[in-house]
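As structure tokens, the structure follows; a few thoughts come after it.
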């Protein structure tokens, strides 16, 4: 049985090694017995189809690249929204999740239209970037996610954001982060987020197994578990 991963803008939106998230999902899905097919879509494509996608991923990139991706993806908003409503698993990491809201006020004052799936907006500035290590708590499950944030802006409002920032090391003015709708998740963490957060990776694999009608097989990933535990411990013990 084949799982189709739709990787959006890998040439524009993989600034921090975010393609590692696709490789991690591919490995975990193969461990479940699936064949994995990765379809890549970028801004030169005249059509992006979500019909056969079993998972959609988009990583982070330069703000200018994100804005170009947002403009291009808007052409396929109806198809994307339908896939969200149908429960297709989706993961948007870093500043790619900015485009899921109403829009982004850029540092020059211009407004970049978002997809409008959520009601938040982002506001950016040029004086300094917001960078730092964070621990985010999912209040719905109690799970904690660790990672690094590097962005030019923050949400104008926190209504509808799913995760609470319980520790921030750096200058990131982050109190809440992340959005969720059905099986879509957007989160500010960058890089191979799924490596340091094995519970998050496992949750996507479980969803895919359920949608495919395949029983999930418990599989150990000790290096990923140790990486998460070590990082979380270091952040909790560190001074702000």
Odd one out for residue 89 among (1) touching a residue at least 40 places away in the same chain (Cβ under 8 Å); (2) within 16 Å of the chain's Cα centre (by Cα); (3) closer than 18 Å to residue 65 by Cα: (3)
Subset of the stretch 210-221 that is without any contact (Cβ under 8 Å) to a residue 60 or more places away in the chain and more than 22 Å from the chain's Cα centre (by Cα) - its residue that is surrounded by the fewest Cβ atoms within 10 Å (Cβ to Cβ): 218
Residue selected from the stretch 222-238 under the condition over 20 Å from the mean Cα position of the chain (by Cα) and in contact (Cβ under 8 Å) with a residue 40 or more places away in the chain, by the criterion nearest to residue 20 (Cα to Cα): 235
When residues of the stretch 178-203 are limited to those that are assigned to a strand (DSSP E or B) and in contact with a helix residue (DSSP H, G or I) (Cβ under 9 Å, 6 or more places away or on another chain), the one surrounded by the most Cβ atoms within 10 Å (Cβ to Cβ): 186
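Every number in this text was worked out from the coordinates using simple rules, so none of it is lab data. As the structure is a computational prediction, the values presented were derived from the model and not from experiment. For neighbour counting, all protein chains shown are included, and Cβ atoms are generated from backbone atoms with ideal geometry for every residue, glycine included.
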